[in-house]
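Peer 1: This is the structure I want to talk about, given as structure tokens.
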Amino acid sequence: MKYICELFEIKYPIIQGGMGNISNASLTAAVSNAGSLGTIGCGTMTPEQVEAIILETKDKTNNNFALNIPINVSPHTDELVNLVLKHDIPVVSLSAGNPAPFIPLLQKKNIKVIAIVASVKHAQKAQDAGADVLVAEGFEAAGINSNLEMTTFTLIPQISKHVSLPVLAAGGIGNGQGLAAALMLGASGVQLGTRLIATQEAPFHPSYKQKLIEAMGNDTVILGRSFGQVRRVLKDPYTEKVLDLEKQGLSPVNYREMTSEVHHINGAMNGDVTNGFMNSGQVAGLIDDIPTVKELLDGMMKDAKKHMEVGLSRLSAPFMI
């Protein structure tokens, strides 16, 4: 935990997950200003769009933030790497593809590299390629996910056992109890996504935040399982339509169009559940308020300490048979 904070020059061992084309400077800067590592997710945005968010984020925070590049999703990977170099972004997370070709160039410039993984095999390959940190993402997580369907609770200890790099846990984490559990499983910190949507600084549609507050843990569904291109989203009329069409034999091309960032923006930014979707992890079932980012992160750290102390006290108590 301390190593992660020192490596990224942050107060708390918490980072923001990339949010694709709905990424924005307001939330990224708020996370960094609150003592964690904010992240701009590039999604399929053009380099010009990403650069505008980078510049706005720099206006809103003097603290470190990261850029997430989804290698096989973005059509502009090389240009985005160049943006990292141009703007001296200190941390890059690489997902949805092989990070190995990009790591030497980034590290030559003293840029820390996070690799997003979902299996022991991928974790070992990322370590061999020279990544500095791993984010191990369980199947509970929101948005585009691994079709391996391993849960965070089983994934983190397996990866921690087989690699020497620090591991951050992602998927199903949104409070201090989850942070404490991740640390006990062998993680050095956590990555948050869905929980940050329901914060005051997040400029998403109010109905998105309200749906998260109202949601139970089983109010998310998986799209794209038949194509091996899974995505976890909130249930709504549009996602029900996609699921029905998938069952009827929707083509891969049409599936990709119906789950494109255009429809993501329709749902998340415009609140249009007839023509769009809202990404969400199963942690939605734990969300019941809309705090500031600082209130959320300060509270998580305080609660994590409390839960760890309670856990230790239970271990020291006599066992009842």
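The values are calculated or read from the model by the stated rules, or taken from the named source; none is laboratory data. Values in this document were obtained by computation on a predicted structure and should not be read as measured data. Positions of Cβ are generated from backbone atoms using ideal geometry, with glycine treated the same way; all protein chains shown enter the neighbour counts.
Peer 1: Which one of the conditions (1) on the phi < 0 side of the Ramachandran plot; (2) in a loop (DSSP other than H, G, I, E, B); (3) of a type outside the set (D, E, K, R) does residue 208 fail to meet, given that it meets all the rest?
Peer 2: (2)
Peer 1: Moving on. For region 67-81, does any single residue satisfy the condition of being β-branched (Val, Ile, Thr), under 28 Å from residue 205 (Cα atoms) and more than 20 Å from the chain's Cα centre (by Cα)?
Peer 2: So far as region 67-81 goes, no, none of its residues is β-branched (Val, Ile, Thr), under 28 Å from residue 205 (Cα atoms) and more than 20 Å from the chain's Cα centre (by Cα).
Peer 1: Just checking, which of 130, 35 is within 23 Å of residue 187 (Cβ to Cβ) and either in contact (Cβ under 8 Å) with a residue 60 or more places away in the chain or not assigned by TED's automatic domain parsing to the domain that holds residue 12 (or both)?
Peer 2: 35
Peer 1: I would also like to ask the following. In region 5-21, how many residues are part of a helix (DSSP H, G or I) and surrounded by fewer than 22 Cβ atoms within 10 Å (Cβ to Cβ)?
Peer 2: 4
Peer 1: Taking residue 173 as the residue in question, decide whether it is within 28 Å of residue 232 (Cα to Cα), of a type in the set (Val, Ile, Thr) and assigned to a helix (DSSP H, G or I).
Peer 2: no
Peer 1: Among the residues of region 230-251, count how many are closer than 18 Å to residue 138 by Cβ and part of a loop (DSSP other than H, G, I, E, B).
Peer 2: 1
Peer 1: Out of the residues in region 252-273 that are in a helix (DSSP H, G or I) and of a type in the set (Gly, Ala, Ser), which is nearest to the chain's Cα centre (by Cα)?
Peer 2: Here the answer is 268.
Peer 1: Any chance region 227-234 includes a residue that's within 19 Å of residue 191 (Cα to Cα) and at pLDDT 95 or above?
Peer 2: yes
Peer 1: I'd like to know if region 203-213 contains one or more residues that are in contact (Cβ under 8 Å) with a residue 12 or more places away in the chain, of a type in the set (Val, Ile, Thr) and outside the structural domain of residue 24 (by TED's automatic domain parsing).
Peer 2: The answer is yes, given that some residue of region 203-213 is in contact (Cβ under 8 Å) with a residue 12 or more places away in the chain, of a type in the set (Val, Ile, Thr) and outside the structural domain of residue 24 (by TED's automatic domain parsing).
Peer 1: Identify, please: which residue in region 124-156 is surrounded by fewer than 16 Cβ atoms within 10 Å (Cβ to Cβ) and in contact with a Gly (Cβ under 6 Å, 6 or more places away or on another chain) and is, among those, nearest to residue 103 (Cα to Cα)?
Peer 2: Only one residue tops the list, namely 147.
Peer 1: OK, next. Under 6 Å between Cβ atoms, which residue pairs at least 6 apart in sequence (or on different chains) link something in region 180-197 that is within 15 Å of residue 20 (Cα to Cα) with a partner that is modelled with pLDDT under 95?
Peer 2: As it stands, the answer is 193/142; 194/142, since those pairs meet every condition given.
Peer 1: Another question, if that's okay. Based on this model, can you work out whether residue 226 counts as touching a Lys or Arg at 6+ places or on another chain (Cβ under 9 Å), over 21 Å from residue 99 (Cα atoms) and in a helix (DSSP H, G or I)?
Peer 2: The answer is yes for residue 226.
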